Amino acid sequence: MTDLQDKCIATLWGLHIGDAIWAPFETKTMSEVAEWVMRSEKLHFFTYENPWPEDGNGRFLPAGRPTDDSDQAADLCHSLLQCDGLDPEHLRRSLRNSVVRGVSRLWTGQATGAGKTTRAMLGDDEEKRAKILAQPYASNGSLMRSAPLALWLGPHGPNTPEHSDGPAYQLVRAMSEVTHTHPNSVAACWLYIRMLRRVLAEQDLREVEPHNDFDQRILEHIAEVEHHGCPPSDPGSFKNGWGAAEYTLKVALWAFLTTDTFTDCINKVGSVGGDTDTYGAVAGALAGAYYGTTAIPPEWRDTILGRDQMREYATGIYQIRYTRA
């Protein structure tokens, strides 16, 4: 049995690995990813061309560099530890650190890559923020960073009820709504965190109790995955749903539930193309929590830029939540 502190560390390492290893493939189609895989012996980290060459990071990005998924998860960790819990206004300031100021807590380069909704909600343009609030899109920007909140809330066994209007839900909702107010964005975070807490408790995430129509759709997707093993239908573009919270969670669960090792889960999750780094982050946290640090290939663990900081965050959360008298 893997101890809880190890699970916490592996959760954050898994998130970072899934994010960073699939970052070079973001926006690629399934066929383009498959073509690259055919040319390579296995998925691995490598230096790749910077899609934002004017961001101050130069023409090429180093192997293992965190994207906005890992950077914002680190911001959430920082805020939870600084405030001894969730303070939405402090979290907003922490997220602005990476999204607006470009300061990463994980590496020395610029933090870049935040999505449109996140940038608008954390930026200084009130008109853009008002437009997002008026017509929110159910994107995955809060889902991708939410794993640290599952560590903070802790393992959740099968006999402990968790109501949709209870304090845990209110924390999750407040975390999401700092940037993402759409009900499906909130619902994705709420279901994912409940599932991740079950994994931390060494329980079956498929037995989570559905609280709403969103939950029911995801559970039906899981049943379909277990019957056929196929990924969710490809939306075809970011505009049509590559970056949607629901599609992201479906892809992550498909990869996690149809593989038997941490490595296989990470190898599989980005094969669908699309928002590959975020699919990797969401699935990687699940796989890390389930398999533990010993299942993570040393070459992957040692390549991510920010490995030691993620360990410190995980250890800090563990010590505050589970060892404090």
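The values are calculated or read from the model by the stated rules, or taken from the named source; none is laboratory data. Keep in mind it's a predicted model, so treat the numbers as computed, not measured. No Cβ is skipped: glycine too gets one built from the backbone with ideal geometry, and neighbour counts run over all protein chains shown. When the accessible area is computed, the model is the full protein with side chains, heavy atoms only, and any ligands, DNA or RNA have been set aside. Shrake-Rupley method; radii C 1.70, N 1.55, O 1.52, S 1.80 Å.
General observations
Residue-wise test of (1) in contact (Cβ under 8 Å) with a residue 24 or more places away in the chain; (2) farther than 20 Å from Leu15 by Cα.
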{"site": "Val37", "(1), (2)": "yes, yes"}
{"site": "Trp52", "(1), (2)": "yes, yes"}
{"site": "Leu80", "(1), (2)": "yes, no"}
{"site": "Val103", "(1), (2)": "no, no"}
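- Scanning the range 209-223 for residues that are open to solvent by 10 Å² or more (accessible area, probe 1.4 Å) and not basic (Lys, Arg) yields Glu209, Pro210, His211, Asn212, Asp213, Gln216, Leu219, Glu220, His221, Ala223.
- Among all residues of the range 202-225, there is none that is under 16 Å from the mean Cα position of the chain (by Cα) and at pLDDT 95 or above.
- Against the test of being surrounded by 14 or more Cβ atoms within 10 Å (Cβ to Cβ), among the β-branched types (Val, Ile, Thr) and farther than 24 Å from Gln309 by Cα, the options Val37, Val99 yield a single qualifying residue, Val37.
- Listed by first and then second residue, the pairs with beta-carbon distance under 6 Å, at least 6 apart or on different chains, first residue in the range 170-185 and within 12 Å of Ser146 (Cβ to Cβ) and assigned to a helix (DSSP H, G or I), second open to solvent by 10 Å² or more (accessible area, probe 1.4 Å) and not aliphatic (A, V, I, L, M), are Ala174/Pro88.
- Count of residues meeting criterion [crowded, with 23+ Cβ neighbours inside 10 Å and of a type outside the set (Gly, Ala, Ser)] in the range 123-151: 7
- Residue within the range 45-57 that is among the aromatic types (Phe, Trp, Tyr), at pLDDT below 95 and more than 24 Å from Phe262 (Cα to Cα) present: yes
- For the range 248-258, a residue qualifies if it is over 10 Å from the mean Cα position of the chain (by Cα) and either open to solvent by 20 Å² or more (accessible area, probe 1.4 Å) or over 17 Å from Lys42 (Cβ atoms) (or both), and the qualifying residues are Lys250, Val251, Leu253, Trp254, Phe256, Leu257, Thr258.
- Residues of the range 208-252 classified as among the charged types (D, E, K, R) and either touching a residue at least 60 places away in the same chain (Cβ under 8 Å) or within 21 Å of Tyr137 (Cα to Cα) (or both), total: 7
- Residue match in the range 43-53 (condition: outside any loop (DSSP other than H, G, I, E, B) and either over 28 Å from Gly236 (Cβ atoms) or polar (S, T, N, Q) (or both)): no
- Residue list for the range 224-247, filter: exposed (fewer than 11 other Cβ atoms within 10 Å of the Cβ) and in a helix (DSSP H, G or I): His227, His228, Lys239
- With a requirement of 1 or more residues that are of a type in the set (Ser, Thr, Tyr), the helices (runs of 4 or more DSSP H) lying completely within the range 54-152 that satisfy it span 68-83, 88-99, 116-122.
- Filtered by the rule that a residue be polar (S, T, N, Q) and either closer than 17 Å to Pro231 by Cβ or open to solvent by 30 Å² or more (accessible area, probe 1.4 Å) (or both), the range 270-312 gives Ser271, Thr276, Thr278, Thr294, Thr303, Gln309.
- Counting the residues of the range 42-77 that are open to solvent by 40 Å² or more (accessible area, probe 1.4 Å) and out of contact with any strand residue (DSSP E or B) (no Cβ under 7 Å at 6 or more places or on another chain) gives 8.
- All positions within the range 1-25 that are open to solvent by 50 Å² or more (accessible area, probe 1.4 Å) and over 20 Å from Arg307 (Cα atoms): Met1
Okay, residues lined up against (1) modelled with pLDDT under 95; (2) among the acidic types (Asp, Glu); (3) not in a helix (DSSP H, G or I):
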position: Ala255; (1), (2), (3): no, no, no
position: Asp264; (1), (2), (3): no, yes, no
position: Gly270; (1), (2), (3): no, no, no
position: Tyr279; (1), (2), (3): no, no, no
position: Thr294; (1), (2), (3): no, no, no
position: Leu305; (1), (2), (3): no, no, yes
position: Tyr313; (1), (2), (3): no, no, no
position: Arg324; (1), (2), (3): yes, no, yes
